[in-house]
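S.K.: Below you'll find the structure I mean.
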Protein chains: 2
Amino acid sequence: MVQRKIRNMEEFASVSGISRPTLSKYFNNPESVRQSTRMRIEKALDQHDYRPNVYAMNQNRRTTKNIGIVVPYLADPFFTEIGRAVEMACISAGYSPILLSSHGDPELEKENLESLRSLKPAGVLLAPFGRASDRSVIQKFSQEVPLVLFDANISETGEAFIGTDNFQSVGLIVEYLCRSGEPPCFFEMKTPSNPNANKRQQAYQESMERHGFPAHIFQAEGEGWNFEEVGSVQGGEMLARKVFPTNTVLCSNDRLAIGMLSAAYGLGIRVGLDSDCSLRIAGHDDHPFSRYTCPPLTTIAQDYSAIAKRAVSTLFRIIESEDPPPTREETLFEGKLVMRDSA
Amino acid sequence: MVQRKIRNMEEFASVSGISRPTLSKYFNNPESVRQSTRMRIEKALDQHDYRPNVYAMNQNRRTTKNIGIVVPYLADPFFTEIGRAVEMACISAGYSPILLSSHGDPELEKENLESLRSLKPAGVLLAPFGRASDRSVIQKFSQEVPLVLFDANISETGEAFIGTDNFQSVGLIVEYLCRSGEPPCFFEMKTPSNPNANKRQQAYQESMERHGFPAHIFQAEGEGWNFEEVGSVQGGEMLARKVFPTNTVLCSNDRLAIGMLSAAYGLGIRVGLDSDCSLRIAGHDDHPFSRYTCPPLTTIAQDYSAIAKRAVSTLFRIIESEDPPPTREETLFEGKLVMRDSA
DNA sequence: ATTTATAATTGACGCGCGTAAAATTTATTA
DNA sequence: TAATAAATTTTACGCGCGTCAATTATAAAT
């Protein structure tokens with residue numbers, strides 16, 4: 001650190017003895033200059049701590065090194081977890097992730113895409129609301145910037161989709177539940193804000209049919225993202241009214257299960273596999289807290305990290321191949337059964 | 001939506017019949033132009049969907065309308081919650097929030113500040129790691145851009161600090177616990193990553209002294225942010241070994257409490273106020289999930305929203321008053337006792 | 001030592017916008 | 001209606017960088 005502050009690349013060119021166009025090349029790709037000059041630049045760089053003006057850099061570029069990441073609700077640990085994984089993957093690929101949450105509001109999802117558009121991102125990873133999303137807006141957006149959907153699918157939208165195979169995963173846990181005890185009932189939100197919920201219900205029905213059991217679906221009213229409360233209040237009410245025909249409840253996601261577990265505790269209903277238990281509860285997602293519920297929740301683990309990595313690598317492949325791929329890819333990862341004590 | 005796409009403000013000036021400088025004024029502050037011309041502009045605006053180039057806009061500005069928000073670990077629901085509140089407050093004030101997580105890595109905190117610096121933010125809200133943060137880096141940063149700390153304080157760093165009064169809050173819950181049963185032991189991490197933890201321990205000690213009880217402090221090994229696991233594994237071990245001299249444990253934060261609660265359940269220890277319970281556990285923070293633990297966790301609620309709002313309004317006051325305030329402000333909000341069933 | 005391929009330099013232009021000064025229009029008040 | 005104040009237009013320049021073409025320097029290969 002020395003002398004006066006460097007104001008622009010011109011000045012840094014003087015003090016470093018490197019021409020400005022070469023510096024420009026270096027900043028856009030350090031490997032594009034000769035090793036010896038690169039060393040000279042980097043030596044000068046930590047003597048003067050100059051950084052190019054981001055705004056000037058990007059103003060004439062058609063696209064930047066920014067990657068937009070949009071999730072529907074960051075306060076849901078599932079999305080913070082997957083958001084984190086995606087962020088890290090972008091950083092290590094030399095891009096600048098910009099994580100945006102729509103805070104549960106589909107209107108904000110549109111606004112987020114809007115403001116992303118003006119940041120000229122190289123690509124965008126979007127976990128959409130699904131049904132509540134504005135499909136046409138997303139599709140239009142997708143024509144301008146490479147878009148990969150994850151978690152929730154919207155048909156024919158975006159260049160690719162990465163998610164979990166709900167049919168496989170639900171099939172897996174239904175099979176386990178049927179084999180190890182009474183066949184499960186299914187507990188979900190009536191108006192789910194997420195297409196996965198629909199798939200899971202379908203998958204539940206098909207699985208039950210396959211095993212020769214009748215399907216029992218119970219739906220809770222309410223909208224929004226406060227799943228724990230819904231699970232606790234309405235799930236608890238159902239438990240109190242003893243509406244479930246079997247002693248096993250498969251919840252559409254872990255957060256509902258966490259709520260129901262809490263309600264069961266309050267009602268003095270012992271949940272688990274032990275002989276003194278009268279109820280089994282299972283979930284889906286391997287929510288970060290499902291390990292610490294009472295009892296610990298048996299659930300399906302989505303491979304966060306694999307989904308994140310694949311989503312990112314897919315996006316980069318599309319970005320680097322210029323033209324959009326001929327066919328829309330859908331990649332589904334298998335869920336893994338995580339057996340804990342609740343079922 | 002019509003004809004060809006508008007490429008720049010010049011073109012939009014032609015089609016709208018407004019001069020470019022006036023448009024420039026409008027985009028920087030819609031209220032700075034006459035009402036009638038504003039209407040004309042906005043009419044043209046939704047006919048042509050032109051948006052000024054963000055990068056060109058900011059390249060000659062000393063500061064932008066960006067507000068940086070840096071939290072130590074976004075996957076901690078406490079920070080996603082407060083991050084969300086802060087984001088919303090910025091948006092409604094007409095600024096663009098940029099939320100960055102340091103993912104538990106103090107090194108990343110420095111990098112985040114670095115990259116923020118090149119975005120020329122109007123101001124930054126930082127929830128630092130505390131002891132693990134690089135104080136000198138933050139102080140240097142603070143000389144260049146208005147900086148308000150929240151959640152965790154670092155003395156003489158940043159123009160202001162907003163947080164919770166740990167002495168008041170811990171005093172409150174210790175008093176409650178002493179009054180309603182056996183005096184509490186204190187459970188915490190040995191090497192806390194957060195200055196609040198130190199304050200809480202001190203506050204516990206002072207409170208116990210005030211009530212004439214001996215302080216009993218138990219420390220768990222381990223670093224990092226996986227508090228639930230620490231609470232579960234090490235807290236559980238302590239429970240099993242019956243090291244706690246009283247039947248009441250106050251945890252330094254809710255996440256430790258959630259872990260311990262889980263361990264207690266596993267050990268068959270009934271937690272709560274009922275006569276058949278042999279243990280009381282309390283936490284601190286009113287973590288979003290503390291309502292759904294088994295039993296629901298008695299804790300101290302930090303006023304997220306008040307902290308967020310005050311932090312934002314303080315920052316804006318500093319930004320708008322040009323020169324830094326003469327004295328560093330520290331604002332502490334009181335915590336509220338949330339009585340649930342665990343203690 | 002000479003050729004050849006590669007990299008760096010020089011000089012110059014343009015991007016889309018902010019912004020300032022002067023001229024002109026529009027609105028307000030007397 | 002004229003005088004005054006306020007807003008808009010015109011004109012013009014500069015910001016910091018990307019990028020291009022032509023030139024020169026450097027390194028590798030013969």
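S.K.: Being within 10 Å of another protein chain (Cβ to nearest Cβ) and free of Cβ contacts under 8 Å to residues at least 12 places away in the same chain is the filter here, so list the residues in segment B:269-297 that pass it.
M.R.: B:Tyr292
S.K.: Something else now. Mind checking whether some residue in segment A:273-283 is within 26 Å of A:Asn153 (Cβ to Cβ) and crowded, with 21+ Cβ neighbours inside 10 Å? Reasoning before the result, please.
M.R.: Residues of segment A:273-283 that are within 26 Å of A:Asn153 (Cβ to Cβ), as a first pass: A:282-283.
Filter once more, keeping what is crowded, with 21+ Cβ neighbours inside 10 Å: A:282-283.
Yes; the residues of segment A:273-283 include at least one that is within 26 Å of A:Asn153 (Cβ to Cβ) and crowded, with 21+ Cβ neighbours inside 10 Å.
S.K.: Out of (1) crowded, with 18+ Cβ neighbours inside 10 Å; (2) within 11 Å of chain B (Cβ to nearest Cβ), the odd one out for A:Glu111 is which?
M.R.: (1)
S.K.: Could you grab me the full set of residues in segment A:167-196 that are of a type in the set (D, E, K, R) and within 16 Å of A:Thr248 (Cβ to Cβ)? Let's see the steps before the verdict.
M.R.: Keep residues of segment A:167-196 that are of a type in the set (D, E, K, R), which gives A:175, A:179, A:182, A:188, A:190.
Across segment A:167-196, the qualifying residues are A:Glu175, A:Arg179, A:Glu182, A:Glu188.
S.K.: I've got another one for you. If I ask for residues that are within 8 Å of DNA strand D (Cβ to nearest atom) and touching a residue at least 12 places away in the same chain (Cβ under 8 Å), which ones from segment B:27-55 would you list?
M.R.: Once the filter is applied, which keeps residues that are within 8 Å of DNA strand D (Cβ to nearest atom) and touching a residue at least 12 places away in the same chain (Cβ under 8 Å), segment B:27-55 yields B:Thr37, B:Arg38.
S.K.: Look through B:Ala56, B:Ala89, B:Ala127, B:Ala122 and report the one residue that is more than 7 Å from chain A (Cβ to nearest Cβ) and within 16 Å of DNA strand C (Cβ to nearest atom). Before you say what the answer is, go through the steps one by one.
M.R.: Details: B:Ala56 fails: more than 7 Å from chain A (Cβ to nearest Cβ); B:Ala89 fails: within 16 Å of DNA strand C (Cβ to nearest atom); B:Ala127 fails: within 16 Å of DNA strand C (Cβ to nearest atom).
The match here is B:Ala122.
S.K.: Still on this structure, I have one more. Check B:Gly266, B:Gly231, B:Gly212 and return the single one that is more than 11 Å from every other protein chain (Cβ to nearest Cβ) and either buried (at least 20 other Cβ atoms within 10 Å of the Cβ) or more than 22 Å from the chain's Cα centre (by Cα) (or both).
M.R.: Numbers: B:Gly266 fails: more than 11 Å from every other protein chain (Cβ to nearest Cβ); B:Gly231 fails: more than 11 Å from every other protein chain (Cβ to nearest Cβ).
From the options B:Gly266, B:Gly231, B:Gly212, the qualifying one is B:Gly212.
S.K.: Is one or more of the residues making up segment A:8-28 within 9 Å of DNA strand C (Cβ to nearest atom) and of a type in the set (Val, Ile, Thr)? Reasoning before the result, please.
M.R.: Looking only at segment A:8-28, we keep the residues that are within 9 Å of DNA strand C (Cβ to nearest atom), and these are A:13, A:16-26.
If we keep only those that are of a type in the set (Val, Ile, Thr) too, we end up with A:18, A:22.
Scanning segment A:8-28, I find at least one residue that is within 9 Å of DNA strand C (Cβ to nearest atom) and of a type in the set (Val, Ile, Thr), so the answer is yes.
S.K.: Considering only residues that are without any contact (Cβ under 8 Å) to a residue 12 or more places away in the chain and under 19 Å from B:Gly68 (Cα atoms), which ones fall in segment A:56-87?
M.R.: Listed by number, the residues that qualify are A:Thr80, A:Arg84.
S.K.: Please find, among A:Leu256, A:Leu315, the residue that is in the same structural domain as A:Phe218 (by TED's automatic domain parsing), in contact with a Gly (Cβ under 9 Å, 6 or more places away or on another chain), of a type outside the set (Ser, Thr, Tyr) and in a helix (DSSP H, G or I). Before the answer, list the steps.
M.R.: Numbers: A:Leu315 fails: in the same structural domain as A:Phe218 (by TED's automatic domain parsing).
Just one listed residue meets the conditions, A:Leu256.
S.K.: Within segment B:6-16, count every residue that is in contact with a helix residue (DSSP H, G or I) (Cβ under 7 Å, 6 or more places away or on another chain), within 11 Å of DNA strand D (Cβ to nearest atom) and away from chain A (no Cβ under 14 Å).
M.R.: To start, the set of residues in segment B:6-16 that are in contact with a helix residue (DSSP H, G or I) (Cβ under 7 Å, 6 or more places away or on another chain) comprises B:6, B:9-10, B:12-13, B:15-16.
Keeping just the survivors that are within 11 Å of DNA strand D (Cβ to nearest atom) gives B:9-10, B:13, B:16.
This time we only want the ones that are away from chain A (no Cβ under 14 Å), so: B:10, B:13, B:16.
Residues in segment B:6-16 being in contact with a helix residue (DSSP H, G or I) (Cβ under 7 Å, 6 or more places away or on another chain), within 11 Å of DNA strand D (Cβ to nearest atom) and away from chain A (no Cβ under 14 Å): 3 in total.
S.K.: Please work out if B:Pro296 is over 21 Å from B:Lys199 (Cβ atoms), outside any strand (DSSP E or B) and within 18 Å of the chain's Cα centre (by Cα). Before the answer, list the steps.
M.R.: Numbers: over 21 Å from B:Lys199 (Cβ atoms): yes; outside any strand (DSSP E or B): yes; within 18 Å of the chain's Cα centre (by Cα): no.
So B:Pro296 does not fit the description; no.
S.K.: In this structure, does B:Met39 turn out to be within 21 Å of A:Ala56 (Cβ to Cβ), more than 17 Å from the chain's Cα centre (by Cα) and among the hydrophobic types (A, V, I, L, M, F, W, C)?
M.R.: Taking the combined requirement at face value, the residue does not satisfy it.
Listed here are the residues, each with its yes/no results for (1) closer than 30 Å to A:Glu111 by Cβ; (2) at pLDDT below 90; (3) buried (at least 17 other Cβ atoms within 10 Å of the Cβ).
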residue: A:Lys5; (1), (2), (3): no, yes, no
residue: A:Glu10; (1), (2), (3): no, no, no
residue: A:Asn28; (1), (2), (3): no, no, no
residue: A:Met39; (1), (2), (3): no, no, no
residue: A:Tyr50; (1), (2), (3): no, no, yes
residue: A:Val54; (1), (2), (3): yes, no, yes
residue: A:Asn60; (1), (2), (3): yes, yes, no
residue: A:Ile67; (1), (2), (3): yes, no, yes
residue: A:Val71; (1), (2), (3): yes, no, yes
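S.K.: Further question: Regarding A:Val312, is this residue on the phi < 0 side of the Ramachandran plot, within 13 Å of another protein chain (Cβ to nearest Cβ) and crowded, with 21+ Cβ neighbours inside 10 Å?
M.R.: Numbers: on the phi < 0 side of the Ramachandran plot: yes; within 13 Å of another protein chain (Cβ to nearest Cβ): no; crowded, with 21+ Cβ neighbours inside 10 Å: yes.
Criteria not met by A:Val312.
S.K.: On to the next question. Looking for something closer than 20 Å to A:Val174 by Cβ, more than 14 Å from chain B (Cβ to nearest Cβ), within 19 Å of the chain's Cα centre (by Cα) and touching a residue at least 12 places away in the same chain (Cβ under 8 Å) - is there at least one such residue anywhere in segment A:238-251? Quick ask: steps written out before the conclusion?
M.R.: As a first pass, look at segment A:238-251 and keep what is closer than 20 Å to A:Val174 by Cβ: A:238, A:243-251.
Filter once more, so that each one left must be more than 14 Å from chain B (Cβ to nearest Cβ): A:238, A:243-250.
Now narrow it down to the ones that are within 19 Å of the chain's Cα centre (by Cα): none.
No; the residues of segment A:238-251 include none that is closer than 20 Å to A:Val174 by Cβ, more than 14 Å from chain B (Cβ to nearest Cβ), within 19 Å of the chain's Cα centre (by Cα) and touching a residue at least 12 places away in the same chain (Cβ under 8 Å).
Residue-wise test of (1) outside any loop (DSSP other than H, G, I, E, B); (2) at pLDDT below 95.
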site	(1), (2)
B:Asn198	yes, yes
B:Tyr204	yes, no
B:Met208	yes, no
B:Gly231	yes, no
B:Met238	yes, no
B:Leu273	no, yes
B:Cys277	no, yes
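The values are calculated or read from the model by the stated rules, or taken from the named source; none is laboratory data. As the structure is a prediction and not an experimental result, all values here were calculated from the model. Positions of Cβ are generated from backbone atoms using ideal geometry, with glycine treated the same way; all protein chains shown enter the neighbour counts.
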